[in-house]
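Here's the structure we're looking at; comments come further down.
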Amino acid sequence: MSKKNRKPPWHQYFLIAMAILLSLLMVVSRAYRASRRAGIAHSETTAVFEQAVSGVPDTEERSEIYEPMYPLPEKLALLGHIDPVSDDGFTLIDRRYANRQGMYMRSEAYDAFLQMHKAAQSDGINLIILSATRPFDHQKRIWEDKWFGRRVLYGNILATDIDDLAERAREILRFSAMPGTSRHHWGTDIDLNSLDNSYFASGEGKAVYDWLIKNAAGFGFCQPYTAHGDNREGGYEEEKWHWSYQPISSVFLKAYEDMVDYGDITGFAGWEMASELDVISRYVLDISQSCY
Ligand SMILES: [Zn+2]
């Protein structure tokens with residue numbers, strides 16, 4: 001063998017150097033985004049509490065309907081152990097704004113929704129609530145119906161077709177939260193008009209979504225599950241229908257991060273997968289910056 005053959009050609013060294021450089025760049029960029037996310041989460045929460053103390057909005061975007069002086073929730077409320085029917089903090093949603101009777105929202109969030117609904121209507125947009133507050137047992141029903149194959153995941157795929165339990169949980173988690181980890185427990189989050197992203201892609205649905213993107217923030221509402229990308233690395237799939245009343249839900253989110261750990265997420269089939277899949281950081285906390 002000649003010397004030339006034993007020595008790798010120069011472009012192999014070049015490729016290795018480029019690969020190392022690329023990996024370094026990826027590590028630095030991930031660290032930057034993580035630190036930026038932590039910084040934003042911290043500064044916005046701080047702003048909410050500073051505003052609560054001073055009573056004066058710190059930015060012009062905060063409208064007078066914002067109610068930042070929301071008391072810190074108890075851990076049980078964060079986990080969905082609530083009864084909106086008997087709890088004074090909740091209001092029954094009028095049937096004319098919803099597709100069925102019997103749904104509840106936290107009263108401040110509902111007031112903000114009513115203002116948003118009115119503004120939308122004057123622009124020819126009809127907002128209809130399909131789902132609002134869901135206590136733990138309600139979420140447990142949804143989760144276990146999927147877990148035990150009583151309800152399809154999508155198409156004709158059943159979770160029971162998936163033997164690996166972590167993989168089974170991951171598939172359900174594309175669109176459904178584990179009991180104890182759903183934002184619907186908080187009374188601040190609602191699903192609007194259609195549970196299908198394609199509805200919002202054209203015609204009437206597109207008009208609804210365009211209106212929300214332009215105006216919802218003015219009433220305190222944000223979209224937590226935006227498309228995966230720069231803003232959000234993973235977590236649930238995009239949900240154009242899910243909107244959250246940020247002045248309260250941001251306080252709940254921070255409280256969740258501080259108070260809840262994996263010992264609290266239990267009481268349903270597959271709960272053991274919560275820590276294995278790290279659902280708190282990968283799902284609960286992986287939301288759009290606009291909701292922090
Ligand atoms: Zn939802």
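The values are calculated or read from the model by the stated rules, or taken from the named source; none is laboratory data. None of the values given here were measured: they were computed from a predicted structure. As a convention, Cβ positions derive from the backbone with ideal geometry for all residues, glycine included, and neighbour counts pool all protein chains shown.
Listing for the model above:
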read-out	value
Cross-chain or 6+ apart pairs with Cβ under 7 Å, the stretch 253-266 first and in the same structural domain as Arg183 (by TED's automatic domain parsing), then at pLDDT 95 or above and in a loop (DSSP other than H, G, I, E, B)	Glu257/Leu285; Val260/Leu79; Asp264/Leu79; Asp264/Gly180; Ile265/Met178; Ile265/Gly180; Ile265/Thr181; Ile265/Trp271
Search result, residues across the stretch 144-185 that are small (Gly, Ala, Ser), part of a loop (DSSP other than H, G, I, E, B) and under 24 Å from Trp241 (Cα atoms)	Gly155, Ser176, Ala177, Gly180, Ser182
Any hit, the stretch 203-215, residues being within 16 Å of the ligand (Cβ to nearest atom), farther than 25 Å from Ala255 by Cβ and hydroxyl-bearing (Ser, Thr, Tyr)	yes
Inter-residue pairs, beta-carbon under 7 Å, first over 21 Å from Leu192 (Cβ atoms) and in the stretch 225-239, second surrounded by 14 or more Cβ atoms within 10 Å (Cβ to Cβ), 6+ apart	Glu233/Asp286; Gly234/His228; Gly234/Arg282; Gly234/Asp286
Within the stretch 239-268, considering residues that are over 22 Å from His138 (Cα atoms) and surrounded by fewer than 18 Cβ atoms within 10 Å (Cβ to Cβ), the one nearest to the ligand (Cβ to nearest atom)	Glu257
Qualifying positions in the stretch 93-103 - crowded, with 16+ Cβ neighbours inside 10 Å and either over 17 Å from Asp189 (Cβ atoms) or of a type outside the set (Phe, Trp, Tyr) (or both)	Ile93, Ala98, Met103
Hits in the stretch 111-152 - residues which are over 24 Å from Ala77 (Cβ atoms) and either among the aromatic types (Phe, Trp, Tyr) or in contact with an Asp or Glu (Cβ under 7 Å, 6 or more places away or on another chain) (or both)	Trp147, Phe148, Arg151
Test: Ala109 is among the hydrophobic types (A, V, I, L, M, F, W, C) and within 20 Å of the chain's Cα centre (by Cα)	yes
